[in-house]
1. By per-residue mean of other Cβ atoms within 10 Å, what is the highest-first order of 6-18, 143-155, 44-56?
2. Roughly how many nanometres apart are two label points built 7 Å out from the Cα toward the Cβ at residue 139 and residue 11?
3. Tell me the label-point distance for the pair residue 47, residue 81, using the 7 Å Cα-to-Cβ offset, in nm and rounded to one decimal.
4. Which peptide among 202-210, 20-28 comes first, and what is the full order, when sorted by highest mean count of other Cβ atoms within 10 Å?
5. For the ranges 66-76, 189-199, what's the packing order if you count other beta-carbon atoms within 10 Å of each residue, average per peptide, and put the highest first?
6. Label-point separation (nm) for residue 101 and residue 231, each offset 7 Å from Cα along Cα-to-Cβ?
7. The stretch 17-64 to the stretch 183-229: how many Å between their Cα centroids?
8. Between residue 93 and residue 250, what length in nm is gained on full extension when 0.36 nm per residue of separation is reduced by their alpha carbon distance?
């Protein structure tokens, strides 16, 4: 599957991918920037191809931000393997389903989840104040599978939802939750990319330059998150979640 595209358009897409990587590494929600742009391009194959092409670039940003948080000790290793495996399995199922059914019905669900996420993030938490619940590890699998499925099937806002989930379930500070969220996010991106690539849905001549830009933005964003701390991350999360809510509400009411 091919699609001709001007070099200037590629450059603009790469710029959008850089911004998406920067935002996604800190708070999730990078798809808010890249997915609408790719869908608006009316690529051959429609929305599934746009979402697949987006995964082609987002996966590399996910690798970059994951490595940044991992090397700085902001990821809890005991739950990383289970979270990765669960997110991978969920996303694999979601991506396969996307190829046969429309993703539009998930928009109202994601809107409600994001509103809940915004309310939780706005509630101030002292660093280290939370403690993992006794049932936390049991909750990890269904949360990672569910949000991994959502990411493979549709995706916008999954990073912010994961951050909030880890704050609530494990009592993470929001910066550490951002790091731990990258484990599931990386898994879900890789699983979806695997499905879409095998099915020939990824337009690599578009994804490749976007991937380089996304990885660069993610590299910077992850370091900003670790350096600036909880207040900075909370602010960015709220901005991303608010933007997602407004965008999805607009699309549900007026269509897109």
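1. Packing proxy ranking, top to bottom: 143-155, 44-56, 6-18.
2. 4.9 nm
3. Modelled inter-label distance: 3.9 nm.
4. Listed from highest to lowest mean packing, they are 20-28, 202-210.
5. Result, highest mean Cβ count within 10 Å first: 189-199, 66-76.
6. The modelled label-to-label distance comes out at 4.6 nm.
7. That distance is 8 Å.
8. 53.7 nm
We did not get these values from a lab; they are worked out from the coordinates using the rules stated. None of these values were measured; they are calculated from a predicted model. Because the Cβ atoms are built from the backbone with ideal geometry, glycine has one as well, and the counts that use them run over all protein chains shown.
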